[in-house]
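Written out below as structure tokens is the structure these notes cover.
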Amino acid sequence: MTISRTRRLIDVQTHREAFGWVQERLAQAGLLRGKTIAVDATTLEGNAAMRSIVHRDTGETYREFLTRLARASGIRTPSRQALARLDRRRKKKGSNKEWANPADPDAKITKMKDGRTYLAHKSEQAVDMAAGAIVAVTIQGADQGDTTTIKTTPGGPPGRRWRAKWLTR
């Protein structure tokens, strides 16, 4: 059973208590050492469409925004193709500071590995390498790099501090 499926079946508080209980048992048995923690991240597509994003300041949709830009540039009744052409020429189109999705406000605009732009989340899992046990699972903003988010992903036995260590392939 996957972590995401388990999270859907039980409420968050129960999941946290069960996860903490398992960690405490592992620590009491001396299995969690916290000496080497590996963090793996994966980008997950959000449950929201890019076409439904709205401007944070004005509340207008992306299509309304493009139509306003087209009219300002002299196109009276812009067609869908004209809007696409106008949009292709623009630089820095999708800024998380300017745009949000009302259905999934935590999703961030990000470029996926295949080059397409989506609203997404980033899941990070911290694993104690000695025990092979997952010690933390967090959701981060997909627009943040791994070197930024690793500092906020907890790990290791309860009450023990750990230092981020980069493992290279």
Computed label-point distance, nm, for sites E24 and S95 using a 7 Å Cα→Cβ extension: 4.8 nm
Computed helical MRE - 222 nm, the chain, DSSP H runs ≥ 4 contributing -39500 (n - 2.57), nearest 500: -8500 deg cm²/dmol
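So what's Rg/Rh here for the chain, counting alpha carbon atoms and using the Kirkwood radius for Rh?
Rg divided by Rh gives 1.13.
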Max mean-square fluctuation residue, GNM over the chain, Cα-Cα springs under 10 Å, options Q28, Q140, Q13: Q13
Kirkwood estimate for the stretch 50-117, i.e. one over the average of 1/r between Cα atoms, Å: 12.9 Å
GNM top mover of D104, D114, D128 - the chain, alpha-carbon springs below 10 Å: D114
Fewest-first ranking of K108, K35, K97, using other Cβ atoms within 10 Å as the exposure measure: K97, K35, K108
Förster radius 30 Å - calculated FRET efficiency between R71 and T117 (Cβ-Cβ, nearest 0.05): 0.75
Candidates L32, L66, L44, ranked by Gaussian network fluctuation over the chain, Cα under 10 Å, top entry: L66
Assigned charges on the beta-carbon of Lys, Arg, Asp, Glu; the chain dipole about Cα centre (debye): 880 debye
Charge dipole (the chain, unit charges on Cβ, about Cα centre) - positive-most of V135, A100, A38: A100
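Read-outs throughout are calculated quantities, based only on the coordinates presented, and are distinct from any laboratory measurement. Just so it is clear, the structure is predicted and the values come from calculations on it, not from any experiment. Using ideal geometry, Cβ is built from the backbone for each residue, glycine included, and neighbour counts are taken over all protein chains shown.
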